[in-house]
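What follows is one structure encoded as structure tokens, with my remarks underneath.
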Amino acid sequence: MVELQGKSVFSGIAIGRISVLEKGDQLVKRHPVQETEEELARFEQARTKAKEQLQRLYEKARSEVGEANAQIFEVHQMMLDDLDYVESIANVIQSQKINAEFAVATVGDNFAQMFQAMDDDYMRERAADVKDVSNRVIRILQGKEKGTVDSEEPVILVAEDLAPSETVQLDKSKVLSFVTHKGSTNSHTAILARTMNIPALIGVELAEKLEGKMAIVDGYEGKLILDADEETLCYYEKKKEEEEEEKKLLLNLKGKETVTTKGKKIHLYANIGGMADLASVLSNDAAGIGLFRSEFLYLESDKLPTEEEQFKVYKAVAETMAGKKVIIRTLDIGADKKVDYLNLEAEENPAMGYRAIRICLDQPELFKTQLRAIYRASYYGNIGIMFPMIISLEEIKKIKEIVAEVKAELKDHGILYGDVELGIMIETPAAVMISDKLAEEVEFFSIGTNDLTQYTLAMDRQNPKLESFYDPHHEAILRMIEMTVENGHKHQCWVGICGELGADLSLTETFIHMGIDELSVTPSMVLKVRDTIRKI
């Protein structure tokens, strides 16, 4: 038995075989297509081929293991004929103009999560089936159905590193956990791992010949255990069972209010990176979306997403949330989130450089395209917009001028839009210190504790050498949060937290006593945070 030590990104236990990710393997890549009819035809051909494969498997299984055991392959064929499933894939291809593989992966993931969230045992079991069916179609589309690159069972994915754009495109149904050598616990890749709700480690010194080895990921202690002995395996299997029992108990909180014992209600929202996270938002009963990271529309594309492409995504999210609040953060590119086609110059210190609102104000047409898409989508739901990396009143005034231009243009063209709340992210010390003045200009604050911590402590949150010095509980951070809440409330500006500290259960009571109105966390943490708040 060998133990490799790393740092935990998200707690939990995973037990399974290792699959080493070479760049490009096991990722369902998203790319735009011009001819959607061709992609629809590719999907139909793959679906037909999958059904033929399943029929052969059914006949073989019936002769070898009997009718009852062979029926699973009939069920899979029926799923491939399900109109909701087929039409959803076709709709994603046509509305987003993307490749069939990514559309199948997205819809398959959404359907599987919705099945998993159901109360009926039989329906929950169908989650594995829809994943299996979707993966079969994807392998056919990729021309890998005869290969061994894709495992038939979920795996522990091991890689040297994963970029944010790669992490968001992982086929979740095939990943039990991921383990990387590079990265930091505060990177956007780590944040996305928490969104995916899988145990993950970074900073593990990877050994050779890991492919296919049985392993255990201990997301509590930050350990990767190879070839565990029987006693160790039994211990972790029991711990995993206890985890599952805890999750079942939390499900009892679905439909309950997020309110303290003395009646203070907190808006408990979820952070998402795109459409694929919606099923998790709904199944975990979030009251809304407090942070829609719109930059992933840009990261997942090889060119600037058009106004129409963005509109369709924002509209779909707003409609799916059915009147619940959806707060879209405008383009937050820069630092570790790089988009090649924007041709941004290399910088000595990109975290403090040309990024986020600075790019948008410097390139107003880029900004206006996104704002038009958001305002158009606001007619179909309850949308708010927040602007990142604000440091001055002048920036807000300039933003409002551009917003007014966009609204005037839409009105001139007879395009309807809704009533949109405008807010800003408080993630710089400058914004905290003038938050009393900023609160007069906007309707809400959302505190981005990740960047606020790195700028206040003067530490690059992605530098692994600074992990031991990086302290998000630093008194200066907590004082800044309290100051922001007080200044916001003086001017009827509600205040939330959308950074990682929002899900830090050791601080939940502190935030409630400070007067925080809203917490936005990864979907998997919604019920845990609700449980904590209801006991305060």
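The values are calculated or read from the model by the stated rules, or taken from the named source; none is laboratory data. Here the structure is a predicted model, which means the values were calculated and not measured. Virtual Cβ from ideal backbone geometry, glycine too; neighbours counted across all protein chains shown. These area figures cover heavy atoms from the full protein model, side chains too; ligands, DNA and RNA do not enter into them. Shrake-Rupley method; radii C 1.70, N 1.55, O 1.52, S 1.80 Å.
Computed per residue of the chain from DSSP H runs no shorter than four, each worth -39500 (n - 2.57), the mean residue ellipticity at 222 nm is -14500 deg cm²/dmol. Multiplying the residue separation of Glu365 and Val259 by 0.36 nm and removing their Cα-Cα distance gives an extension gain of 33.9 nm.
Using DSSP, restrict attention to beta bridges with both residues in the chain and report what percent are antiparallel, rounded to the nearest 5.
For the chain, the DSSP antiparallel bridge percentage is about 35.
With a sphere of radius 9 Å drawn around the Cβ of Met214, what net charge do the other residues whose Cβ falls strictly inside it have (Lys, Arg +1; Asp, Glu -1)?
Local charge sum for Met214: +1.
Using a probe of 1.4 angstrom and keeping all protein chains present, the accessible surface of the chain works out to 44 square angstrom per residue.
Convex hull volume per residue, computed on the Cα atoms of region 377-536, equals 134 Å³.
Straight-line cross-link partners of Lys209 among the lysines, defined as a Cα under 25 Å from its Cα and at least 8 positions apart when in the same chain: Lys7, Lys23, Lys144, Lys146, Lys172, Lys174, Lys182, Lys223. Annotation: peptides 326-333, 227-234, 301-308, ranked by per-residue average of other Cβ atoms within 10 Å with the highest first, follow the order 326-333, 301-308, 227-234. Close amide H pairs (under 5 Å, H built 1.01 Å from N) link Val521 with Tyr269, Ala270, Asn271, residues at least 5 positions away or on another chain. Size descriptor for the chain, Kirkwood hydrodynamic radius: 24.4 Å (Cα pairs only, one decimal).
Across the cross-link table entries Lys29/Lys303; Lys239/Lys535; Lys265/Lys437; Lys97/Lys303; Lys213/Lys465; Lys265/Lys528, which are compared at the Cα atoms, the separations over 18 Å belong to Lys239/Lys535; Lys265/Lys437; Lys213/Lys465.
From most to least packed by mean Cβ count within 10 Å, the peptides 443-453, 400-410, 365-375 give 443-453, 365-375, 400-410. Stretched out straight at 0.36 nm per residue, the stretch from His491 to Glu52 would grow longer than its current Cα-Cα span by 151.6 nm. If the chain linking Asp227 and Leu250 were pulled fully straight, counting 0.36 nm for each residue of separation and taking away their Cα-Cα distance, it would gain 5.0 nm.
Counting Lys +1, Arg +1, Asp -1, Glu -1, what net charge surrounds Ile390 among other residues with beta carbon under 13 Å of its beta carbon?
+1
Candidate membrane-span-like segments in the chain, meaning DSSP H helices with Cα atoms spread over at least 18 Å of their own axis and a Kyte-Doolittle mean of 0.0 or above, are 67-80, 83-96, 100-116, with no membrane implied. Surface composition of the chain: carbon and sulfur atoms hold 50% of the protein heavy-atom accessible area at a 1.4 Å probe.
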